[in-house]
Ligand code: ADP
């Protein structure tokens, strides 16, 4: 993206506040205009005073109006600057929060495939740094950039008009500045992008280590992780240093130019004065012009510098903002309200890479209340089939209908409101248990929470805690055991009370008591709902209305447990092997319920 396009986009993000932004920028421009009055008046006053005998009445009568004008301009400038600065600050802060919230909403809607490929630490860094950059550039625009650029446009012709010979010096100054800045910008742009890339790596790495702090500590990796972070930080500094040196050089030259230009104006001015080509007042005026010009040039240089320094950061921000969710609401999508839970897959095929199908020609119908178990080896396409149901992706061919309606014709919110998911890894917020349960039903009363927790076999352990429902679950639910997390996740689904339920069973083995409790909780949550289970437990498969045996993206066998065993195919083979495991397990751990043994398929 070119710099101009990037900057325009920064301004466009002001959105509804853009008008106020422009008003502030124009107000600032007027202020900048008013500032020119000072050197002009200064020069005129010097001329008036130097041209008349000191103390004479004439001198004061000509100087007073000039002084009064100066006072008026001064007062105007002070009041307006204060008003502009205050409003500009407020506006930039307001807009930063608005853009940050929009960005957050946007990334939350992006498909899971995007999130699996992008570290959350990086996304956080891009969000915070990107909005900070925007804030700085907006503020700069309202307060200085716009006015600084336009004042140059006014100042140079004004100087030419007053005395072209002295104005030439100012032009030379401008050219030197422009050439120098362009050179430095060209030289440092690539390096600055690299710096930004390292910053993102740094954030991703730090948050990765923090998210796995238990692993880091138990494998005595603290030093190694710190070393890893230091390594990235060192690389970052190695690229950052030359950029800083280049810009320091610009500062040195800027300072030097100020002195040289002022000296040049005096020298040339004195020579011109001797030839009667300028007045003392004009020399004073041009010295002020030079100071002002350098100040404005510095502002323009710092603006260019800012835009270039922020550009890679903003580019990253815009890249995320431009990522399009794979699945979006159609303009004519409808909200059908609560569904009864009939689900139909018809010739559904889907491929992640457009070459190898992850699911191929999948067809089946689930009537309301039925349980469909999906079994098969890892990578067979079970999760993909389920992901298609709640529209993480849309199939490339075939269709999926709920209650006879194509899922693509429903709004995502309506569809997902009707589908509950109990994830394999129970996902919990670092908030209280009550808050985590209310994710299922935001307006649930305390009594409803208790009932749901009771049905999910979770009440006992919740009430054992000193703070009960107010107990914090910890980051990703770390304060709770795996079995407890799963029961909370079931209670959450019970509160949501959807007609369709997706159950991604945990593969890890649980002890017999937890297993029994979990089964009871699952029976409770599956009651009266169309349930799809990615099954690893024999108990769920036994009672399923239909078992779909997946292999290589296709359903190779389908039927009830007994039918499939009688068929003597792949499933029967699998079941036989598992019964053997089960028998062994029963012999070793003496499980009271044969069905409750965990069998990984
Ligand atoms: P299962 O749930 O039965 O283990 P999946 O549905 O996860 O199987 O995977 C089916 C196929 O799709 C596998 O070959 C897997 O490698 C591939 N796959 C799964 N998820 C993705 C993804 N996000 N991007 C690309 N390929 C994927």
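Quick note: the coordinates plus some simple rules give every number you see, no bench work behind them. Note that the structure is a prediction, hence the values are computed from the model and not measured. So basically every Cβ, Gly included, is an ideal-geometry build from the backbone, and we count neighbours across all protein chains shown.
Descriptive notes on the structure:
- Peptide ranges 161-173, 538-550 listed from the most packed, as the mean C-beta count within 10 angstrom indicates: 538-550, 161-173
- Estimated at 0.36 nm per residue, the fully extended path between residue 245 and residue 323 surpasses their Cα-Cα distance by 24.5 nm.
- Degrees between helix 446-455 axis and first principal axis of the chain (Cα, 0 to 90, nearest 10): 40 degrees
- For the pair residue 315 and residue 227 in one chain, pulling the backbone fully straight at 0.36 nm per residue adds 28.8 nm over the alpha carbon distance.
- As a length-normalised measure over Cα pairs under 8 Å and 6 or more apart, the relative contact order of region 271-394 settles at 16 percent.
- Estimated translational diffusion coefficient (Stokes-Einstein, Kirkwood radius over Cα pairs, 4 °C, 1.567 mPa s) of region 165-217: 88 µm² per second.
- R0 of 56 Å, Cβ-Cβ distance residue 26-residue 527: FRET efficiency to nearest 0.05: 0.25
- Estimated FRET transfer efficiency (residue 108, residue 78; beta-carbon r; R0 60 Å; 0.05): 0.85
- Helix-only CD estimate at 222 nm, as mean residue ellipticity for the chain, using -39500 (n - 2.57) per DSSP H run (n ≥ 4): -22500 deg cm²/dmol
- Estimated D of the chain in µm² per second, where Rh is the Kirkwood radius over Cα pairs and Stokes-Einstein applies at 4 °C, 1.567 mPa s: 43 µm²/s
- Ratio of Rg to Rh over region 97-222 (Cα coordinates, Kirkwood Rh, two decimals): 1.22
- Listed from fewest to most Cβ neighbours within 10 Å, the set 115, 536 follows the order 115, 536.
- Burial ranking of peptide ranges 323-336, 488-501 (average Cβ count within 10 Å, highest at the top): 488-501, 323-336
- When DSSP beta bridges are restricted to pairs lying wholly in the chain, around 55% turn out antiparallel.
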